[in-house]
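For reference, the structure is listed below as structure tokens.
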Amino acid sequence: MDFLFSQDNLTSLEWALRAFIAFLFLLSVAKLMGQRSISQWGLLDFVVVMLLGNILAHPLSDSHLGLKGSLITVSVVSLLYILLLVLTLKSPKIRHFLDPAPMPLIKNGVILYPNLKKAKVTIDHLLSELRKKKVDDAKKVALALWEPTGTISVFLFPQYEPATKQDLHIAPKPFNFPRPIIKEGYIDFHELQVLGKDVNWLKQELQTKFNVHTDQVLLATLDETNSIKIFLYKE
């Protein structure tokens, strides 16, 4: 375990072991910190990620720096991160500091330019975000909010919203979630079991309805109504 500490020189194997341990350690830390830090970065998430990257980067490139101290430091930073997350749930003041309220950028079809400057959002970026949501005119927007995570939420005036089945008084069909039962030619036995089916039933359905074998199927899905959809390697 000497490779964890400061050395004049490290062998290729010791460098590899440092990288391996650091990788597994960061993976464990990310799992401990939770999905939030991966899926959406706020101010706290950004600061922590930058810290962790810098702390572990140096001992992975400099043999004179020990890895043990970096692992301890990362552990402390991770615990502080989790503590602050708990405090944001308990304290509204801390929550507002780390996750401020959304800032309106468009209200009642009017672009709020002072708020654009506060959020450091250009007109071009705002229009780009509107186009991504298939909005061609800012005047159609009842409210657009700059979220703490750096995204823009857009709400149209009711007359510009697409009509739903409820608006048209059409009875909706029940929702059935299709589960993948074959992926890249391999049967997912767990999903089959959840749906109450077995391999023999599946093979018979594929042969009868599609005249194919499992190894020809790129993807097959099955829902609660026993509706099978397949995608072949060569359509």
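The values are calculated or read from the model by the stated rules, or taken from the named source; none is laboratory data. Everything quoted here is computed from the prediction, not taken from an experiment. Methodologically, a virtual Cβ is constructed for each residue, glycine included, from the backbone with ideal geometry; neighbour enumeration extends over all protein chains shown. Accessible surface areas use protein heavy atoms only, side chains included; no ligands, DNA or RNA. Shrake-Rupley method; radii C 1.70, N 1.55, O 1.52, S 1.80 Å.
Go through (1) out of contact with any strand residue (DSSP E or B) (no Cβ under 6 Å at 6 or more places or on another chain); (2) under 30 Å from F97 (Cβ atoms); (3) open to solvent by 60 Å² or more (accessible area, probe 1.4 Å); (4) not acidic (D, E) and name the single condition K133 misses. Every condition holds for K133 apart from (1).
Kindly indicate the residue of the stretch 224-234 that is part of a strand (DSSP E or B) and over 20 Å from P174 (Cα atoms) and also most open to solvent (accessible area, probe 1.4 Å) among those meeting that condition.
Taking the candidates together, the pick is F231.
Quick check on T221: is it at pLDDT 90 or above, closer than 26 Å to K173 by Cβ and not basic (K, R)? Yes. Is it true that L143 is outside any loop (DSSP other than H, G, I, E, B), crowded, with 16+ Cβ neighbours inside 10 Å and over 27 Å from the mean Cα position of the chain (by Cα)? Considered against the rule, which asks whether it is outside any loop (DSSP other than H, G, I, E, B), crowded, with 16+ Cβ neighbours inside 10 Å and over 27 Å from the mean Cα position of the chain (by Cα), L143 comes out as no. Total residues in the stretch 85-110 satisfying the condition of being assigned to a helix (DSSP H, G or I) and either in contact with a Ser or Thr (Cβ under 8 Å, 6 or more places away or on another chain) or open to solvent by 60 Å² or more (accessible area, probe 1.4 Å) (or both): the figure is 11. Does N115 qualify as being surrounded by 12 or more Cβ atoms within 10 Å (Cβ to Cβ), over 27 Å from the mean Cα position of the chain (by Cα) and outside any strand (DSSP E or B)? The answer is yes for N115. Checking the stated criteria, I170 turns out not to satisfy the condition of being surrounded by 14 or more Cβ atoms within 10 Å (Cβ to Cβ), among the β-branched types (V, I, T) and modelled with pLDDT under 95.
The number of residues in the stretch 149-160 that are over 27 Å from the mean Cα position of the chain (by Cα) and surrounded by 12 or more Cβ atoms within 10 Å (Cβ to Cβ) comes to 2. For the subset of the stretch 186-218 comprising residues that are of a type in the set (A, V, I, L, M, F, W, C), touching a helix residue (DSSP H, G or I) at 6+ places or on another chain (Cβ under 9 Å) and more than 19 Å from Y233 (Cα to Cα), which member is most open to solvent (accessible area, probe 1.4 Å)? In this case the residue turns out to be F189.
Close Cβ contacts (under 8 Å, 6 or more residues apart or on different chains) running from residues in the stretch 144-164 that are among the polar types (S, T, N, Q) to residues that are in a strand (DSSP E or B) and open to solvent by less than 40 Å² (accessible area, probe 1.4 Å) comprise S153/A144; S153/L145.
Those residues that are under 22 Å from G150 (Cβ atoms) and not hydrophobic (A, V, I, L, M, F, W, C), I need them from the stretch 93-103; list them, please.
The answer is R95, H96, D99, P100, P102.
Yes or no, residue by residue, for (1) over 13 Å from K229 (Cα atoms); (2) among the aromatic types (F, W, Y); (3) assigned to a loop (DSSP other than H, G, I, E, B); (4) touching a Gly at 6+ places or on another chain (Cβ under 9 Å):
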position	(1), (2), (3), (4)
I170	yes, no, yes, no
P174	yes, no, yes, no
I181	no, no, no, no
H190	yes, no, no, no
Q193	yes, no, no, no
K197	yes, no, yes, no
K203	yes, no, no, no
K209	no, no, no, no
V212	no, no, yes, no
